[in-house]
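The values are calculated or read from the model by the stated rules, or taken from the named source; none is laboratory data. All values derive from a computational prediction rather than experimental measurement. Glycine gets a Cβ as well: all are built from the backbone with ideal geometry, and neighbour counts include every protein chain shown. Keep in mind that these areas ignore ligands, DNA and RNA; they rest on the heavy atoms of the full protein, side chains included. Shrake-Rupley method; radii C 1.70, N 1.55, O 1.52, S 1.80 Å.
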Amino acid sequence: MAVKKLPIAKAINESLRTALENDPKVLIMGEDVGQLGGVFRVTDGLFKDFGEGRVIDTPLAESGIVGTAIGLALRGYRPVVEIQFDGFVFPAYDQIVTQLAKMHARSLGKIKLPVVIRIPYGGGIGAVEHHSESPEALFAHVAGLKVVSPSNASDAYWMMQQAIQGDDPVIYFEPKRRYWDKSDVDFDAIPAPLHKARVAREGTDLTLAAYGPMVKVCLEAAAAAAEEGRSVEVVDLRSMSPIDFDALQTSVEKTRRLVVVHEAPVFYGAGAEIAARITERCFYHLEAPVLRVGGYHAPYPPARLEEEYLPGLDRVLDAVDRSLAY
Amino acid sequence: MTVDSTAARKPRRSSGASGAAAKRAGTKKAATKAPDEPQLVQLLTPEGERVTHPDYEIDLSADELRGLYRDMVLTRRFDAEATSLQRQGELGLWASLLGQEAAQIGSGRALRDDDYVFPTYREHGVAWCRGVDPTNLLGMFRGVNHGGWDPNSNNFHLYTIVIGSQTLHATGYAMGVAKDGADSAVIAYFGDGASSQGDVAESFTFSAVYNAPVVFFCQNNQWAISEPTEKQMRVPLYQRAQGFGFPGVRVDGNDVLACLAVTKAALERARRGEGPTLVEAFTYRMGAHTTTDDPTRYRADEEREAWEAKDPILRVRTYMEKEGLADAAFFEEIEAESEALGKRVREAVRSMPDPDTMAIFENVYADGHALVDEERAQFAAYQASFAEEGK
């Protein structure tokens, strides 16, 4: 099959197809994932080819979807569950946090719950309330869960394979506004480990750390900064739990400056954790405090305001300037 | 055998309709009840009198009956011992099942080995039926673990503290059983308070839609900590099943025979691929919700006294004595066994080792996690620093 250029949504679709073909225990579950192929068509065609026994249209009940997926996993299945939108995960939050995350520990290792929860997340598509949120920190904070987010088609494909094959529950955040962005997927590649960060662009003056939808913005910011003679490195974290702090440390020890960018509110967000740990690890290397760019401590605004709310090129470049000014 | 979803409104068939009932007509009375009394399936009255029911009949040997009695007495003894151990400071907390022995032993003995049980945190009697060593149930209450047994050794899932969560796990598991083409069934235990939870309603929805082989066994013990059932529901609980499209039945939860018969019928129905059943075992929690609670603040003594007259163990004993199904030697033997169990439990709890400190970091993830590894190493180094100081 070698290399194909695919949009992220299609890469995930191909990955789910591969998983269904390779392992009869893999199931797809969620609202509208069957006949419709998902509201973003990520599961398009799977129902037709694998049938309702493998691709399960569920009642409209998020706690029920995750709770029954746990039961199916206890029976030896490997469910891949779709939560239709980020803001709809909260009815299932209890099952995810009190059951899915903790049952392995509660059972002293006797129970494994290989459940993947796919959540299309983030803004930028002009949606209504509850369709644009970035709740990754709420999940990364919970021991027992792994949290990842691809930023390109190759990662979208391979990280899904790894998430399904692993024995831990994984929250797989899909950057919905990048669903249609195309890039190469090498189907014969040996993928990087699921939680390994990737240097998306080399640089020497400052490190931008991001994941999911913000990687693209950071790459654009680095390109713009280069025009002003500044060499900005971009690290795509790929995983928010665990975070590859070793890779980040290597980058920061080289560039001596770090700006963390995410769509989620800055307050108690992933950036806070990264700033604290990198400060501990790189205190004597840093030339400036770790800065954060992200959402505000406010509900995600109506669509007409989201461009103000979301970190864009200008806000990222402003943070780059502030960091370099120290 | 059929499960009647509309029992409260449908005229009953005459007791002679069932072959088994007809066979017994000479020796047993048909149950009679006032029209406003809740519709209960009953086979053994509080007075220890054997009665018949047209839909649920059961034929037990004297040995089997003695076995049920033994299970109930030993479960009660275990429960009493655990309550005492909590009072003595050996357990941090205990959730007593006192009064619910018939509901748990009756339903528990209806199960086949390959059935799977999803309990709440009070199913000590069901655990007993599944062969889980009772001392293993105490680890979580002593604070040495969150489980204490391998769920797959006895097909008995770990206790679930969050109210109603396990009903969805049971439903998902049952969906898997159906996918596998197996003919085993799944049973989910929960209480009357849990019936107010969304997860329970969602499990009803999913199990009905996917025709999952699951039995929902609700022990309506009348109180959710201090909240009476009137604060949880306005219609009899078993009737709720009808709205989801599967049968519900209310059984006398203090009648071990009726609980056995009704659960067996529901499990068989599930095995036949006919989907879920809701069983409401109408019973009473004689003690507190847990040892932290004080029921004298919210309920009257008279209520407890009224239920004491319906004691599930006493009625079996009365029946056995009356019918000559057990002699004094049997009851003495059970009493001695009971004492031995109490002693064993007491000793096991007192000698239960604290977990290794490093257990904090064990089993957080199946495949490992860099942060856990880092914190484990930091913690180990911190611990080791004390040893060095001590040199």
Looking at the range A:187-270, what strands (runs of 3 or more DSSP E) fall wholly within it and have at least 3 residues that are over 20 Å from the mean Cα position of the chain (by Cα)?
none
So which of A:LEU317, A:LEU305 is of a type in the set (A, V, I, L, M), open to solvent by 70 Å² or more (accessible area, probe 1.4 Å) and under 25 Å from the mean Cα position of the chain (by Cα)?
A:LEU305
Test: A:LEU138 is touching a strand residue (DSSP E or B) at 6+ places or on another chain (Cβ under 6 Å) and either assigned to a helix (DSSP H, G or I) or at pLDDT 95 or above (or both):
no
Scanning for something assigned to a helix (DSSP H, G or I) and over 27 Å from B:THR45 (Cβ atoms), does the range B:263-270 turn up at least one residue?
yes
Inside the range B:87-109, the number of residues satisfying the requirement of being part of a helix (DSSP H, G or I) and buried (at least 21 other Cβ atoms within 10 Å of the Cβ) is 8
Between A:GLU31, A:GLU21, which is in contact with a Ser or Thr (Cβ under 7 Å, 6 or more places away or on another chain), open to solvent by 10 Å² or more (accessible area, probe 1.4 Å) and not small (Gly, Ala, Ser)?
A:GLU31
Do we have any residue at all in the range A:275-294 that's open to solvent by less than 10 Å² (accessible area, probe 1.4 Å), touching a Leu at 6+ places or on another chain (Cβ under 7 Å), within 30 Å of A:ASP168 (Cα to Cα) and not basic (Lys, Arg)?
yes
Checking the conditions here, which among B:GLU339, B:GLU302, B:GLU374 is at pLDDT 95 or above, at negative phi and more than 24 Å from the chain's Cα centre (by Cα)?
B:GLU374
Scan the range B:196-221 for residues that are open to solvent by less than 10 Å² (accessible area, probe 1.4 Å) and not in a loop (DSSP other than H, G, I, E, B) and jot them down.
B:VAL200, B:SER203, B:PHE204, B:PHE206, B:SER207, B:VAL214, B:VAL215, B:PHE216, B:PHE217, B:CYS218, B:GLN219, B:ASN220
Out of the range B:167-194, which residues are small (Gly, Ala, Ser), in a helix (DSSP H, G or I) and farther than 20 Å from A:ALA92 by Cβ?
B:ALA178, B:GLY193
Quick check on my filter: what residues within the range B:227-250 are open to solvent by 20 Å² or more (accessible area, probe 1.4 Å) and over 20 Å from B:VAL162 (Cα atoms)?
B:GLU230, B:ARG234, B:VAL235, B:PRO236, B:GLN239, B:ARG240, B:GLN242, B:GLY243, B:PHE244, B:GLY245, B:ARG250
Only one of B:ALA224, B:ALA281 is at pLDDT 95 or above and open to solvent by less than 50 Å² (accessible area, probe 1.4 Å); which?
B:ALA281
Residue count, the range A:104-130, condition touching a Pro at 6+ places or on another chain (Cβ under 9 Å) and either over 18 Å from B:GLN166 (Cα atoms) or outside any loop (DSSP other than H, G, I, E, B) (or both), comes to 11
Taking the range A:137-170 only, how many residues are open to solvent by less than 10 Å² (accessible area, probe 1.4 Å) and closer than 13 Å to A:GLY212 by Cα?
7
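With the range A:1-100 as the region, which helices (runs of 4 or more DSSP H) entirely inside it contain at least 3 residues that are away from chain B (no Cβ under 13 Å) and modelled with pLDDT of 95 or more?
In the range A:1-100, A:8-22, A:46-50 are the helices (runs of 4 or more DSSP H) which contain 3 or more residues that are away from chain B (no Cβ under 13 Å) and modelled with pLDDT of 95 or more.
Against the condition out of contact with any strand residue (DSSP E or B) (no Cβ under 8 Å at 6 or more places or on another chain) and either of a type in the set (Phe, Trp, Tyr) or open to solvent by 30 Å² or more (accessible area, probe 1.4 Å) (or both), how does B:ASP133 come out, does it pass?
yes
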One residue is enough: does the range B:38-50 have a residue meeting the conditions under 22 Å from B:THR292 (Cβ atoms) and in a loop (DSSP other than H, G, I, E, B)?
no
Residues (among the polar types (S, T, N, Q), out of contact with any His (no Cβ under 7 Å at 6 or more places or on another chain) and open to solvent by less than 10 Å² (accessible area, probe 1.4 Å)) located in the range A:220-253:
A:SER241, A:SER251
Selection from the range B:142-166 of residues that are part of a loop (DSSP other than H, G, I, E, B), open to solvent by 10 Å² or more (accessible area, probe 1.4 Å), within 17 Å of B:ASP114 (Cβ to Cβ) and more than 7 Å from chain A (Cβ to nearest Cβ):
B:ASN155
Can we say B:ALA381 is within 30 Å of A:HIS141 (Cα to Cα) and away from every other protein chain (no Cβ under 14 Å)?
yes
Only listed residue being in a helix (DSSP H, G or I) and either among the charged types (D, E, K, R) or over 30 Å from A:GLN165 (Cα atoms) (or both), chosen from B:ALA288, B:ALA384
B:ALA384
Scan (1) within 14 Å of another protein chain (Cβ to nearest Cβ); (2) within 23 Å of B:ARG272 (Cβ to Cβ) for the single condition B:PHE190 breaks and write down its number.
(2)
How do the pairs read when you match residues in the range B:319-341 that are more than 16 Å from B:GLY48 (Cβ to Cβ) with residues anywhere that are open to solvent by less than 40 Å² (accessible area, probe 1.4 Å), using Cβ under 7 Å and keeping only pairs 6 or more apart or on different chains?
B:ILE334/B:VAL73; B:GLU337/B:LEU74; B:SER338/B:VAL73; B:SER338/B:LEU74; B:LEU341/B:LEU74; B:LEU341/B:PHE78
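Condition first: free of Cβ contacts under 8 Å to residues at least 24 places away in the same chain and charged (D, E, K, R). Can you find one or more residues in the range A:214-232 that meet it?
Yes - at least one qualifying residue is present in the range A:214-232.
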For the range A:148-160, does any single residue satisfy the condition of being more than 14 Å from every other protein chain (Cβ to nearest Cβ), under 26 Å from B:ASN363 (Cα atoms) and more than 14 Å from the chain's Cα centre (by Cα)?
no
Does the range A:106-126 include one or more residues that are open to solvent by less than 10 Å² (accessible area, probe 1.4 Å), small (Gly, Ala, Ser) and more than 10 Å from chain B (Cβ to nearest Cβ)?
yes
Which residues, counting only those in the range B:349-374, are more than 10 Å from every other protein chain (Cβ to nearest Cβ) and surrounded by fewer than 16 Cβ atoms within 10 Å (Cβ to Cβ)?
B:ARG350, B:SER351, B:PRO353, B:ASP354, B:ASP356, B:THR357, B:MET358
For the range A:1-55, enumerate the residues that are over 15 Å from A:GLN161 (Cα atoms), among the small types (Gly, Ala, Ser) and within 23 Å of the chain's Cα centre (by Cα).
A:GLY30, A:GLY37, A:GLY38
Does the range B:167-180 include one or more residues that are closer than 20 Å to A:ALA69 by Cβ, more than 9 Å from every other protein chain (Cβ to nearest Cβ) and within 17 Å of the chain's Cα centre (by Cα)?
no
